[in-house]
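The values are calculated or read from the model by the stated rules, or taken from the named source; none is laboratory data. Predicted, not measured: the structure shown is a model, and the values here were computed from it. Using ideal geometry, Cβ is built from the backbone for each residue, glycine included, and neighbour counts are taken over all protein chains shown. The area values use the complete protein model at the heavy-atom level, side chains included, leaving out ligands, DNA and RNA. Shrake-Rupley method; radii C 1.70, N 1.55, O 1.52, S 1.80 Å.
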Amino acid sequence: MSEFTIDAHEHDQIRILNLKGYLDAHTAPQLETSFQKELESGHYKLVINFRDLNYISSAGLGVFMQFIEEVRKHEGDIKLANMSKRVYNVFDLLGFPVLFEIFEDEKEALLSFQNKS
Amino acid sequence: MTRISKTALLGGAGFGFGFLIIFHVIHKAYGKLDLWGLDIFQFLVILLTFSGIALASWLNEKREEENPLRHLGILLAAGFIILVLSGLLSSSSTGSFYLEDGMWIPTTYSSLFISVITAFLAGIGAVIVCIRIGFLIFIKRNRKTQRHLIFFASTLAANVALAGIASGPSEDVFFAVSPFSEILFAATVIAILVISSRMPWIAYLTKQEKLQALLLSFFGSIFFTLNTVFAMESTNQLSQSLAYLHPALRIFVALSFLLGAGYLTVCFASTLFHLPTAEAFDRKKAELSTMHNLSKLVKNVLNQDELLTTAASLSRQICEADGALIEIDTHVARAGNVENPATNSNHPLPHTASWSAVSDTISKEEMQRVVSALSGTYAVLPSPQNKSLVIQNVGRDKRMAALQSEKLPLGSIAAFPLQTHDQVIGRLYAFKRMNYGFDRDNLNSLSAFADQIAIAVENHRLIKALMEGQRLEQELLVARQMQQKLLPSTLPSSPVFDMAARSIPAHEVGGDYYDVVQINDEMIGITVGDVSGKSVSAALYMAETKGIFQSLTKFLSDPRQVLHRMNEALYGTIERNSFVSLLYAILDTRSGAVQFARAGHCPLLWIHGGEWQFLRPNGIGLGLDGGTIFEETLAVETVQLQPGDIIIMYTDGVSEARNNDGEEFGYRRLAETVLDLQRDSADFLLDGILERIHDFTKSDVIEDDLTLLILIWKGN
């Protein structure tokens with residue numbers, strides 16, 4: 001029922017994860033695995049593109065919380081981009097905008113990494 | 001008890017033997033005593049003496065071990081010893097008896113002793129023969145065997161009794177005494193033949209055991225034939241000695257030895273006839289026992305690895321293979337189509353299947369490589385259409401061309417599909433080092449065995465699925481009960497306000513939570529929250545949240561303080577991917593002022609006159625940040641309620657309730673619904689809202705927990 005896919009690629013040493021479909025309690029472990037893989041291969045600069053994500057539940061939000069601490073410990077960050085209004089509302093309600101950088105689109109997110117370094 | 005009686009029996013026998021010697025010494029010294037009844041008495045003594053020995057020896061044997069070879073071995077030993085004894089007797093004291101009044105009298109006292117002792121030992125030997133053959137007959141006995149044995153025993157007894165009664169040791173004991181003895185002797189011979197005609201135990205010996213039995217019975221029959229001749233031949237020393245001790249003993253010994261000779265001869269012949277089929281019999285027996293083991297295996301289905309290992313080793317035994325491997329596909333859909341493993345098995349084995357291999361001589365890797373080659377390169381893998389795969393000559397077979405250069409230590413391979421309900425769930429492979437190793441019997445057994453394994457594996461899967469399902473159900477039940485217990489059972493009631501609340505758990509149970517506390521005489525604390533996560537973990541975090549909430553609200557009356565402390569407490573304990581969203585409001589029942597703060601939760605709905613408004617002060621969820629961000633962002637807002645005003649607190653199960661088109665119920669619809677309904681009673685309003693939500697979703701299945709709390713302010 002709930003379809004969810006992750007497509008990852010790299011741009012200037014920044015990993016970009018495209019999320020697609022429904023991110024809920026059932027599909028959250030998939031995202032977890034992806035994050036684990038990125039961290040294991042030493043990628044700490046991550047941009048998550050939400051353009052194709054239709055739905056996110058609180059379990060989906062939890063995944064970002066799970067990894068943000070370790071990513072930031074390694075001078076990295078998880079930046080969120082291209083959220084639909086509906087997805088943004090879920091993040092917003094819980095107060096994510098004060099915890100994560102959320103960008104209108106992917107380019108801005110990538111740019112913000114480069115400005116920092 | 002039996003030990004005492006055995007000792008008593010042997011003691012009695014020794015006493016009887018002593019008496020016999022004394023009697024014979026007196027006889028030699030003073031001539032025949034003319035006492036009435038002495039003959040009968042002497043007969044009784046000898047009868048009791050040997051009966052005692054027989055009984056003791058019968059009791060001595062542990063009947064449970066039915067090992068025919070042991071009995072044959074003892075028979076052979078007894079036969080040999082008697083033969084040696086009689087040989088020694090003849091060589092040492094030739095002509096040591098002389099005839100007087102038709103009776104044998106030893107020439108010297110030493111020959112008296114030697115012959116009496118030898119006769120006595122031969123008597124013991126005869127007892128042993130009878131008893132051992134008795135044991136052999138009792139193996140696989142039935143009603144008939146018992147009858148045969150009784151027939152033999154009674155003819156033997158009759159012979160002995162006749163010899164005893166009509167005694168007076170004579171020169172020609174057998175044929176001279178009475179015409180009856182001839183008939184009785186013939187009857188005994190018939191009895192021996194009847195007894196010897198049935199030796200079912202031979203069939204159950206393994207080939208090895210049969211060879212041993214053949215050797216034992218061959219020599220045994222020779223020894224006893226000789227012994228019988230020596231015991232009967234009246235010119236022989238043994239025969240004379242026995243007759244001297246008592247004619248009845250001679251009859252008994254001679255007939256017993258005849259039994260031994262007859263039985264062992266037939267045994268030898270029988271074993272010889274059974275020998276060619278011994279191997280086939282062995283194999284059938286092994287098959288039976290492995291089948292038996294497998295049926296036990298079927299019961300032990302909790303551990304698949306164990307199941308497969310045992311099944312592999314049994315498969316190997318059943319066809320005397322050098323190695324066996326069982327491969328179970330893990331990609332076969334439960335109720336799905338039959339997937340052809342050959343089409344997608346280019347992966348190395350462990351990824352597509354769980355497997356178990358058993359062999360002493362072929363390495364697991366080698367077997368695995370062969371299996372991979374068979375499944376990967378050719379579509380010849382056993383499937384329902386292709387019942388089995390047999391390669392009798394690995395070195396020449398085209399299908400094995402890919403591996404022939406590697407000189408694998410394999411001659412032949414047999415493979416069978418494991419299938420249940422037309423679905424192949426795996427394969428059984430057997431390997432032999434020699435070419436043409438699998439005969440038709442082997443293949444039949446393996447095929448039958450493969451079916452058994454398939455059933456066992458299928459049972460294992462079913463039971464596992466069942467257990468897993470039960471476990472989850474149980475977990476959900478526990479979580480649901482916990483959740484219900486954590487919610488307040490009653491709400492405060494007051495003339496100044498009307499309150500109603502309800503929480504409806506979804507099937508998977510999330511962590512919706514609401515609570516109401518009386519802070520002091522005027523202040524009431526109200527909270528609605530949502531713990532992230534499902535089932536037991538959500539219920540546990542909910543319990544923790546409630547505990548923290550209940551204790552903090554007792555001494556803190558500022559919503560900001562309460563939430564700040566809650567965040568501190570929760571951040572320290574809950575998992576990083578979990579958090580709690582919560583709305584906390586404090587109602588002043590004197591003034592109708594509501595002071596509230598929002599920790600990442602759905603906004604508060606305020607119905608004021610005919611207007612609605614969602615109030616959404618800043619604030620992030622509890623447990624998200626352990627630093628200062630939480631406190632810095634948290635804002636407190638206050639509303640002054642007027643009589644008729646309503647505040648509604650809820651969880652996202654309400655706002656995100658979806659219909660079939662994926663459309664959400666949403667905030668606006670919620671507010672408009674409230675305005676559309678009668679707003680006199682909190683309970684009625686609550687029911688009305690829930691009904692509207694249900695009408696909207698048109699589904700009885702709730703996707704997420706759904707909680708609503710309504711407060712209608714009546715005013716003072």
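Some points to look at:
- Answer from B:S234, B:S239, B:S256 - the residue that is part of a helix (DSSP H, G or I), among the hydroxyl-bearing types (S, T, Y) and at pLDDT below 85: B:S239
- A single member of A:D24, A:D92 is surrounded by fewer than 20 Cβ atoms within 10 Å (Cβ to Cβ) and in contact with a Phe, Trp or Tyr (Cβ under 8 Å, 6 or more places away or on another chain), and it is A:D24.
- Scanning the stretch B:484-499 for residues that are touching a Ser or Thr at 6+ places or on another chain (Cβ under 8 Å) and open to solvent by less than 30 Å² (accessible area, probe 1.4 Å) returns B:L487, B:V496, B:F497, B:M499.
- If the condition is being surrounded by fewer than 20 Cβ atoms within 10 Å (Cβ to Cβ) and either of a type in the set (G, A, S) or within 14 Å of chain A (Cβ to nearest Cβ) (or both), then the stretch B:536-563 contributes B:V536, B:S537, B:A543, B:G547, B:S551, B:S557.
- Filtered by the rule that a residue be part of a strand (DSSP E or B) and without any contact (Cβ under 8 Å) to a residue 60 or more places away in the chain, the stretch B:667-716 gives no residues.
- Unique residue being modelled with pLDDT of 90 or more and touching a His at 6+ places or on another chain (Cβ under 8 Å) when the list is A:R15, A:R51: A:R15
- Neighbours by Cβ (under 8 Å, 6+ apart or cross-chain): first from the stretch B:270-288, within 15 Å of B:L216 (Cα to Cα) and aliphatic (A, V, I, L, M); second assigned to a helix (DSSP H, G or I) and open to solvent by 50 Å² or more (accessible area, probe 1.4 Å): B:L275/B:K207; B:L275/B:L211
- Taking the listed residues A:L39, A:L53, the one that is in contact with a strand residue (DSSP E or B) (Cβ under 8 Å, 6 or more places away or on another chain) and open to solvent by less than 50 Å² (accessible area, probe 1.4 Å) is A:L53, with no other qualifying.
- Scope the stretch B:103-124; condition open to solvent by 20 Å² or more (accessible area, probe 1.4 Å) and in a helix (DSSP H, G or I); matching residues: B:Y109, B:S110, B:F113, B:I114, B:I117, B:F120, B:L121, B:I124
- Residues that are closer than 14 Å to B:W606 by Cα and under 60 Å from the mean Cα position of the chain (by Cα) do not occur anywhere in the stretch B:659-681.
- Once the stretch B:424-478 is narrowed to residues that are open to solvent by 90 Å² or more (accessible area, probe 1.4 Å) and assigned to a loop (DSSP other than H, G, I, E, B), the residue that is nearest to B:L410 (Cα to Cα) is B:R433.
- Counting only helices (runs of 4 or more DSSP H) that sit completely within the stretch A:2-117, those holding 3 or more residues that are within 12 Å of chain B (Cβ to nearest Cβ) and free of Cβ contacts under 8 Å to residues at least 60 places away in the same chain correspond to A:28-40, A:58-73, A:85-94.
- The set of residues from the stretch B:624-634 being within 11 Å of chain A (Cβ to nearest Cβ) and either touching a residue at least 12 places away in the same chain (Cβ under 8 Å) or aromatic (F, W, Y) (or both) comprises B:L624, B:D625, B:G626, B:F630, B:T633, B:L634.
- Residue count for the stretch B:196-223 under the criterion of being open to solvent by less than 10 Å² (accessible area, probe 1.4 Å), at pLDDT 85 or above and among the hydrophobic types (A, V, I, L, M, F, W, C): the result is 1.
- Residues that are of a type in the set (A, V, I, L, M) and modelled with pLDDT under 70 within the stretch B:93-123 comprise B:L99, B:M103, listed in sequence order.
- Residue match in the stretch B:402-422 (condition: open to solvent by 60 Å² or more (accessible area, probe 1.4 Å), within 24 Å of B:D305 (Cα to Cα) and either among the charged types (D, E, K, R) or modelled with pLDDT of 80 or more (or both)): yes
- B:T651 being within 14 Å of chain A (Cβ to nearest Cβ), touching a His at 6+ places or on another chain (Cβ under 9 Å) and under 25 Å from A:R86 (Cβ atoms): yes
- Scanning the stretch B:564-608 for residues that are among the basic types (K, R) and open to solvent by 10 Å² or more (accessible area, probe 1.4 Å), we see that the one that is farthest from the other protein chains (Cβ to nearest Cβ) is B:R590.
- Considering only residues in the stretch B:691-701 that are open to solvent by less than 80 Å² (accessible area, probe 1.4 Å) and away from every other protein chain (no Cβ under 14 Å), the one that is nearest to A:H26 (Cα to Cα) turns out to be B:T697.
- Here B:E672 does not fit the description of being open to solvent by 60 Å² or more (accessible area, probe 1.4 Å) and closer than 18 Å to B:G529 by Cα.
- Check on B:P505, surrounded by 12 or more Cβ atoms within 10 Å (Cβ to Cβ) and free of Cβ contacts under 8 Å to residues at least 40 places away in the same chain: no
- Every condition in (1) more than 51 Å from the chain's Cα centre (by Cα); (2) without any contact (Cβ under 8 Å) to a residue 60 or more places away in the chain; (3) within 19 Å of B:L708 (Cα to Cα) holds for B:K485 except the one numbered (1).
- Taken over the stretch B:508-522, the criterion of being within 14 Å of another protein chain (Cβ to nearest Cβ) and either in contact (Cβ under 8 Å) with a residue 60 or more places away in the chain or touching a strand residue (DSSP E or B) at 6+ places or on another chain (Cβ under 7 Å) (or both) is satisfied by B:V509, B:G510, B:G511, B:D512, B:Y513.
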